[in-house]
Each structure stands twice: as structure tokens, then as C-alpha cells.
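The values are calculated or read from the model by the stated rules, or taken from the named source; none is laboratory data. Because the structure is predicted, anything quoted here is derived from the model rather than measured. No Cβ is skipped: glycine too gets one built from the backbone with ideal geometry, and neighbour counts run over all protein chains shown.
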Ligand code: G6P
């Protein structure tokens, strides 16, 4: 009810603003990096695997897609990510030395549960879930678990569950990296420090809300939008596009920016807003030339740029400045303004933000 909402207009907005606490709570019990974070018996199971298969749906699929970049670059472990409803019906090549990781806010999504059972029926017994509900079927069914502490999520469009899944998946990455000799003591200390600083860093990004409200007026009048990202921010662009379509009903697509020239550039006109996720990482210069390709066709760029990225506003280039680059954990910060943009655009269009048409919070039937 209204009392629970406090100063917020919708649960989604409240849940976006709860992210600093959700992340802090999720990290609460974490002291050092070790298999005990994943439940009893984790050490032996993790020694028995040399690859990861992630299974999930919706927003949870995008946290898994982000984690693939971390698992391969930091833990050096081959990782594949599959949409649960596809995996369960496809002939795949099972490998018993696989850690099967399901990701689910609710822990009750029928397709993800069925994909897990399918993996087990193929002889893959090492299962782990990153899940927000400790009492769910998913937690009961998996041998290992990392329970996120986002608290109850009411808005159909997932927000705080997503960022806490990313925290859980980053911890999983560090556990595997350490076990396989790819995590120095210095790196462990540094990553833990960066994780613990996240609630404050997220708070600083939430303070950008008034600037995002100003942009949302322009977005509310559009019927299409393109989202660009590269590397581990490509799944963040996908998640931003999903948020916008779910609650504002604007058709949105995300592309890895290097792929623009292979199709979506044909859609770019002065009418097309192009949201660009621009962290100051190794791909920044490449991304800047992709932005030029958009400008040359008259596309309007709306850029979330790290403070140290030296991207300036100009004709057709609108910039909101993020804090300085946050390294490997940057996706957790960059998704926040995309959540706020979708939220305020939906408000401007007057849609039912917490209960978008045709969608359910938890899909427990196929
Ligand atoms: C539904 C919800 C999404 C969610 C997806 C997966 O489609 O509307 O917000 O991402 O299910 O749910 P899960 O509980 O498995 O994360």
C-alpha cells in the first residue's frame, strides 16, 4: 500500500533506490573469498568442474551474460550462457565437468527449473543457483546456492534483483579464480574493497535522477530506440532495452556497437534516439568511432559517459556524466541510469509501471 511506498510513486522506483542497501545486505556475510560462500561441499564440487553453463530467463539471462565476461577474463573458465527455454529443448553436448548455474529472482520460473532438470538428466550433477528466494524450488533443487538479499521485489520489471545477482556472480567468479590460482592476494583485497564501496558508488549514480527525468520527456515521444554497448556492457545495453520495452512499450533493441554497420545503421535517422553506454574502458576509442557513425546519419546520441572518458556534449550528442570508471564492476553502475530512464519514460507515457500489460512477475507455467 501507499504507506509501504514512502516517498516513491511506484514499487519500481522504490526498488531502484533500494539498490545500495540490497547490495550491502548481499555482501553482509562476505569476509573473504572462498567456496564456503556457496554452501556446504562447494570446495569439492568446484574442483570437479572446468567449465560453466549458465541457464536463465529475462533479466536474469542478462546478468548471466555479463558474468560470462567476468568468468572468462578473471577466472579463465570457459562459460556459455543459454536461455532456459531454448536449452531444455535443444540437443546439446553434455559434459559432466560442468558447473550448471541457474539464475533466478523468484526461484520458481518454470523454464529455468525445467532446464536445470534437463541438465541433470544429461549427467551434470554440479549445480549452483544464484537466487533471491531462500525457500524457493530452485534453491531446494540445486546442490549449491548463493542467495542474494535484495528483499521482496514487487515491480514486474526487475531492478534490485539484477544488481544483486551481478554481485553474487562476481563473487562466484572470484571463488573460481582463487581456486584455480588466478587471483592474487592483492587482487582479492582490491576487489573486496571495490565491492564494499559499491553501495556508495550506486548512491552517487542515483543522484543523476533529475538529469534523466529531463531526458525522459524526449524519449516518451518516440516509438523506437537503439541501445549500444560493447564488451561487458553489451549485456547492460540489452537489459536497458528490455527495461524500456517492458514498461514504456517503446520498441527498443540493443546492439554491440561494433555490429552497427551490419544492419541497424539502416534504421538510424534524426528520429532515432541512440542510448550509448560509454565506460572508460579498453573499448572506449572504438565506441567513439561507432558514435560518429550514428552522428553521420543524423542519429541523436544519449550517452552515459564515465567522468574520465572525455566525451563532451555537442550538436546531437547529449551526455550524462557518470562517476569515474569503476573497472570490472562498472556494469553494476551503468545499469542504474538505464533503469531510471525506462522508469521515467514510462511515467511520462502514463503506463502501469509496476504491472505492465501482458507480463507477470514470476512465470511458473511454460
Ligand atoms: C519474468 C519477469 C522478469 C524476470 C523473468 C525471469 O519475465 O517479468 O522480470 O526477469 O521472469 O524471472 P526469474 O524469477 O527467474 O529471475
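Annotations
- Positions within the range 134-151 being closer than 23 Å to residue 98 by Cβ, within 12 Å of the ligand (Cβ to nearest atom) and buried (at least 23 other Cβ atoms within 10 Å of the Cβ), in sequence order: 138, 148
- Test: residue in the range 152-174 that is within 16 Å of the ligand (Cβ to nearest atom), free of Cβ contacts under 8 Å to residues at least 60 places away in the same chain and within 28 Å of residue 359 (Cβ to Cβ): yes
- Pairing each residue of the range 49-72 that is within 21 Å of residue 362 (Cβ to Cβ) and modelled with pLDDT under 95 with any residue that is in a helix (DSSP H, G or I) and away from the ligand (no atom under 16 Å from the Cβ), provided the two are 6+ apart or on different chains, yields no C-beta distance under 8 Å.
- Remark: residue 75 falls outside the filter, which requires a residue to be in a helix (DSSP H, G or I) and more than 11 Å from the ligand (Cβ to nearest atom).
- Of all residues in the range 249-265, at least one satisfies being touching a residue at least 12 places away in the same chain (Cβ under 8 Å), farther than 18 Å from residue 228 by Cβ and surrounded by fewer than 23 Cβ atoms within 10 Å (Cβ to Cβ).
- In the range 157-197, the residues that are more than 27 Å from residue 127 (Cβ to Cβ) and over 15 Å from the mean Cα position of the chain (by Cα): 184, 185, 186, 187, 189, 190, 193, 194, 196, 197
- Looking only at the range 56-77, and only at residues there that are closer than 11 Å to residue 177 by Cβ and touching a helix residue (DSSP H, G or I) at 6+ places or on another chain (Cβ under 6 Å), the one that is surrounded by the fewest Cβ atoms within 10 Å (Cβ to Cβ): 74
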